[in-house]
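Read through the structure below, which is laid out as structure tokens, and then see the notes.
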Amino acid sequence: MPLVPIAAVLVPPNRQRSEIAPEGLSELMESIQAIGLLHPPVVRQEGEQIFLVAGERRLSAIRLMGKLNKPFRYAGQPVPAGLLPVTDMGDLSPAEAHEAELEENIRRVDISLADKAKAIAALHELRTRQTSPGEPPPTYLDTGREAFPQLESDRAAIKARNHLVIAKNLHIPEVAKAKTEKEAMKVINRRAQAEQNARLAELVGQQAATDLHEVHHADCTEWLAAYAGPRFDCILIDPPYG
């Protein structure tokens with residue numbers, strides 16, 4: 001069981017979460033105390049320094065547990081106070097290392113919208129490939145809970161969906177250059193509406209080319225009173241306002 005001094009584990013500033021919900025941290029502490037630490041944080045070493053790659057919530061919970069003198073176990077063994085079980089990046093399989101790298105990218109605060117969208121899309125694809133035969137693929141909610149654990153479920157699902165949509169539209173220069181999720185989704189929605197309008201105009205044009213149309217320039221009330229023909233598609237009127 002590899003152990004390192006918990007005080008020696010550094011969290012890169014560009015990766016640090018802006019906030020960790022206290023209630024979520026409390027629940028995690030209770031879980032670690034009750035059943036032990038299931039998955040140790042992932043770290044990488046650069047010379048004499050140890051940097052966190054994935055597992056910041058677990059690290060925060062265990063640090064707080066140490067301050068409160070609350071012991072915990074890992075792999076059935078008690079963990080000495082002040083020490084932290086870790087997994088080194090070099091010990092992971094290619095798939096596990098890829099997962100840890102995705103976790104790191106999703107948590108970074110300086111990452112661009114495009115890169116974050118690609119990381120979340122890659123995570124969604126990874127979880128889809130990991131689905132057992134006969135099981136349903138992950139939903140937006142599943143990915144949202146993993147990528148945005150600090151948010152309420154509905155909001156997390158919406159953000160996951162938006163990032164997956166953005167990832168699929170990064171070939172559009174305006175989307176790729178967008179600074180915020182809202183800005184990117186505006187571009188995507190605007191283009192989708194324009195494409196829908198173009199398809200509708202094409203369908204209307206095709207229909208107009210095959211139908212007989214008549215245009216009547218008349219007083220609407222007089223024309224309707226005398227009209228006895230088949231149904232009509234529309235009436236354009238100019239009421240005498242003013």
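Key figures
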{"item": "Two-site FRET efficiency, Q49 against R191, from Cβ-Cβ distance with R₀ of 35 Å, rounded to 0.05", "result": "0.15"}
{"item": "From phi via Karplus (6.51, -1.76, 1.60), per-residue ³J(HN,Hα) for segment 221-227 in Hz, x at Gly/Pro", "result": "5, 5, 5, 5, 5, 9, 6"}
{"item": "Whole-number D in µm²/s for segment 150-214 (Stokes-Einstein; Kirkwood sum over Cα pairs; 25 °C, 0.890 mPa s)", "result": "173 µm²/s"}
{"item": "Segment 118-192: C-alpha gyration tensor shape, a/c 1.5 cut-off, then a/b vs b/c", "result": "prolate"}
{"item": "Difference of contour (0.36 nm per residue) and Cα-Cα distance, L64 to L236", "result": "54.8 nm"}
{"item": "Choice from G36, G229, G76 showing the highest fluctuation, given a GNM over the chain with Cα pairs closer than 10 Å", "result": "G229"}
{"item": "Candidates A228, A121, A54, ranked by Gaussian network fluctuation over the chain, Cα under 10 Å, top entry", "result": "A228"}
{"item": "Computed [θ] at 222 nm, helices only, for the chain once each DSSP H run of length n ≥ 4 contributes -39500 (n - 2.57)", "result": "-16500 deg cm²/dmol"}
{"item": "Lysines with Cα under 25 Å of K159, excluding same-chain neighbours fewer than 8 positions away", "result": "K116, K118, K168, K177, K179, K182, K186"}
{"item": "Extension reserve of the S153-E222 stretch, reckoned as 0.36 nm per residue once the Cα distance is removed", "result": "18.9 nm"}
{"item": "Separation of the A7 and L25 label points, Cα + 7 Å toward Cβ, nm", "result": "1.9 nm"}
{"item": "Difference of contour (0.36 nm per residue) and Cα-Cα distance, E214 to H171", "result": "11.0 nm"}
{"item": "Counting DSSP beta bridges with both ends in the chain, the antiparallel % (nearest 5)", "result": "65 percent"}
{"item": "Choice from A198, A61, A160 showing the highest fluctuation, given a GNM over the chain with Cα pairs closer than 10 Å", "result": "A198"}
{"item": "Loop-exposed chymotrypsin sites (Phe, Trp or Tyr not before Pro) per DSSP, neighbour cap 16 Cβ within 10 angstrom, longest uninterrupted part of the chain", "result": "1-226"}
{"item": "Loop-exposed GluC sites (Glu not before Pro) per DSSP, neighbour cap 15 Cβ within 10 angstrom, longest uninterrupted part of the chain", "result": "49-151"}
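Each reported figure results from applying straightforward, stated rules to the coordinates on display, with no laboratory input. Remember, predicted model here, so these are calculated numbers, not experimental data. Don't worry about glycine lacking a Cβ; one is built from the backbone with ideal geometry, like all the others, and counts go over all protein chains shown.
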